[in-house]
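Visitor: This is the structure, below, for whatever I ask next.
The values are calculated or read from the model by the stated rules, or taken from the named source; none is laboratory data. Fair warning: this is a prediction, and the values are worked out from it, not measured in the lab. Glycine gets a Cβ as well: all are built from the backbone with ideal geometry, and neighbour counts include every protein chain shown.
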Amino acid sequence: MQKTPVWLDCDPGHDDAMAIILAGYNPSLKLLGVSTIGGNQMLSKVTQNALDVLDSIGLSHIMVAKGQQNPILRPIQLCPEIHGDSGLDSLEKGRPLFPRSTRNPVSDKAVLTMYKVLTDAHASYKAKVKLICTGPMTNAALLLTLFPEVKESIDLVFMGGAIGVGNTNPVAEFNMEVDPEASKIVFQSGVDLTMVPLEVTHTLLVTPRVLSEIEGERPTPFRAAIQQLLLYFATSYKAVFNFEHPPLHDPAAVAFVIAPQLFKYNAMRVEIEVASPISAGQTVCDVWGKSKLPKNCKVCTAVDVDAFWDLMVGAVAAADAHSPMNA
């Protein structure tokens, strides 16, 4: 059976690292490449993190394209309170989770690389490529602005937004608030769009049972690093949000591409708030169709939690089997 071609646009980030693992090691996907975006940390840091994760799971052949540092109009907003100074901090201060990669990102601008890879893959696979975004939407907005025809080659699935309560301002989720103007461009572009919001990702909690399954029967250096990654994330979420267990946001968007049947979703009109000083980045979801405007997004509302963790644990096991950290 033909694999689904995917490109991951991300800002690693603890949960982005897990999204890379799921995209790289689910047998139904073909990971074409990774692009980075300033968000959870500065662009230089998240780019290094992407390279480190890929190399540590035996995927050093996967290209990394360095994207935009800053939002289109606004100053960059980072998230060190959750992801630490490096973007992938460990509980052991100063000790990195993964060995440092000596690779460099590709020399071309990320948007140019994305356009070429996405359109070439669309032609060769004779199927749309899934562009998965797990950070701010700046790269995607620039891609769709410079090359509007690319929307015929892709479906865009993103982790972000909220139907109701936000996590960085009262009604906005982090990825949307960082660059609301970019999000607005994407939502107005006409690209096939699926949103995996906080209401879904907040059900994907890293419980002690999940940690035990990820640790496995035979602990390895790679699995120990993943344990440390998730425990740091748990500590951050307890300190900032008082969550007993942290939600693993970003892999949910990858899981939708793998198995959309695991999700409940509805098509609706979604607008992005850009003008308000108190709700910038809000994804205004017309749940009841009151606006009478055309529906522009599939919005996920629920997910089969156990099935999601089966996918994630399986990907960690596959990555563990190929990790040079265990050599």
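Results for (1) in contact with a helix residue (DSSP H, G or I) (Cβ under 7 Å, 6 or more places away or on another chain); (2) in contact (Cβ under 8 Å) with a residue 12 or more places away in the chain; (3) assigned to a loop (DSSP other than H, G, I, E, B); (4) under 20 Å from residue 217 (Cα atoms), shown as yes or no for each residue.
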residue	(1), (2), (3), (4)
278	no, yes, yes, no
281	yes, yes, yes, no
313	yes, yes, no, yes
319	yes, yes, no, yes
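Visitor: Out of curiosity, is residue 233 within 22 Å of residue 20 (Cα to Cα), crowded, with 19+ Cβ neighbours inside 10 Å and at pLDDT 95 or above?
Guide: Details: within 22 Å of residue 20 (Cα to Cα): yes; crowded, with 19+ Cβ neighbours inside 10 Å: yes; at pLDDT 95 or above: yes.
Yes, satisfied.
Visitor: Right, here's the next one. Across the range 35-50, what is the number of residues that are among the aliphatic types (A, V, I, L, M) and crowded, with 24+ Cβ neighbours inside 10 Å? Please lay out each step first, then the result.
Guide: Filtering the range 35-50 for residues among the aliphatic types (A, V, I, L, M) gives 37, 42-43, 46, 50.
Then drop every residue that is not crowded, with 24+ Cβ neighbours inside 10 Å, which leaves 37, 46, 50.
Of the residues in the range 35-50, 3 are among the aliphatic types (A, V, I, L, M) and crowded, with 24+ Cβ neighbours inside 10 Å.
Visitor: Name the single residue that is nearest to residue 256 (Cα to Cα) among those in the range 23-72 being among the small types (Gly, Ala, Ser) and without any contact (Cβ under 8 Å) to a residue 60 or more places away in the chain. Full working, then the answer.
Guide: Filtering the range 23-72 for residues among the small types (Gly, Ala, Ser) gives 23-24, 28, 33, 35, 38-39, 44, 50, 56, 58, 60, 65, 67.
Within this subset, residues satisfying the condition of being without any contact (Cβ under 8 Å) to a residue 60 or more places away in the chain are 44, 50, 60, 65.
Details: 44: 29, 50: 21, 60: 25, 65: 23 Å.
The qualifying residue nearest to residue 256 (Cα to Cα) is 50.
Visitor: Residues in the range 162-173: is at least one over 20 Å from residue 34 (Cα atoms), in a helix (DSSP H, G or I), out of contact with any helix residue (DSSP H, G or I) (no Cβ under 7 Å at 6 or more places or on another chain) and not aliphatic (A, V, I, L, M)? Working first, answer last.
Guide: Of the residues in the range 162-173, the ones over 20 Å from residue 34 (Cα atoms) are 162-173.
Okay, now just the ones that are also in a helix (DSSP H, G or I), so none.
No.
Visitor: Same structure again: Can you name every residue in the range 111-146 that is part of a loop (DSSP other than H, G, I, E, B), farther than 21 Å from residue 17 by Cα and touching a residue at least 60 places away in the same chain (Cβ under 8 Å)? Working first, answer last.
Guide: Filtering the range 111-146 for residues part of a loop (DSSP other than H, G, I, E, B) gives 126-128, 134-137.
Next cut, farther than 21 Å from residue 17 by Cα only: 126-128.
Correct list: 127, 128.
Visitor: Mind counting the residues in the range 155-179 that are among the β-branched types (Val, Ile, Thr), buried (at least 24 other Cβ atoms within 10 Å of the Cβ) and in contact with a strand residue (DSSP E or B) (Cβ under 7 Å, 6 or more places away or on another chain)? Spell out the reasoning first.
Guide: Of the residues in the range 155-179, the ones among the β-branched types (Val, Ile, Thr) are 157, 163, 165, 168, 171, 178.
Okay, now just the ones that are also buried (at least 24 other Cβ atoms within 10 Å of the Cβ), so 157, 178.
If we keep only those that are in contact with a strand residue (DSSP E or B) (Cβ under 7 Å, 6 or more places away or on another chain) too, we end up with 157.
Qualifying residue count, the range 155-179: 1.
Visitor: Looking at (1) surrounded by 13 or more Cβ atoms within 10 Å (Cβ to Cβ); (2) under 20 Å from the mean Cα position of the chain (by Cα); (3) not basic (Lys, Arg), which one does residue 119 not meet, given that it meets all the others?
Guide: (2)
Visitor: From the list 128, 109, pick out the single residue that is closer than 23 Å to residue 254 by Cα and charged (D, E, K, R).
Guide: Details: 109 fails: closer than 23 Å to residue 254 by Cα.
One residue alone meets the criteria, 128.
Visitor: Please verify whether the range 206-220 includes one or more residues that are buried (at least 20 other Cβ atoms within 10 Å of the Cβ), part of a loop (DSSP other than H, G, I, E, B), under 18 Å from the mean Cα position of the chain (by Cα) and at pLDDT 95 or above.
Guide: Yes, there is a match, as at least one residue in the range 206-220 is buried (at least 20 other Cβ atoms within 10 Å of the Cβ), part of a loop (DSSP other than H, G, I, E, B), under 18 Å from the mean Cα position of the chain (by Cα) and at pLDDT 95 or above.
Visitor: Sticking with this one: In the range 255-288, which residue that is closer than 30 Å to residue 30 by Cβ and aliphatic (A, V, I, L, M) is surrounded by the most Cβ atoms within 10 Å (Cβ to Cβ)?
Guide: Step one: of the range 255-288, the residues closer than 30 Å to residue 30 by Cβ are 255-267, 270, 283.
Next cut, aliphatic (A, V, I, L, M) only: 255, 257-259, 262, 267, 270.
Working: 255: 31, 257: 21, 258: 21, 259: 16, 262: 19, 267: 14, 270: 24.
Only one residue tops the list, namely 255.
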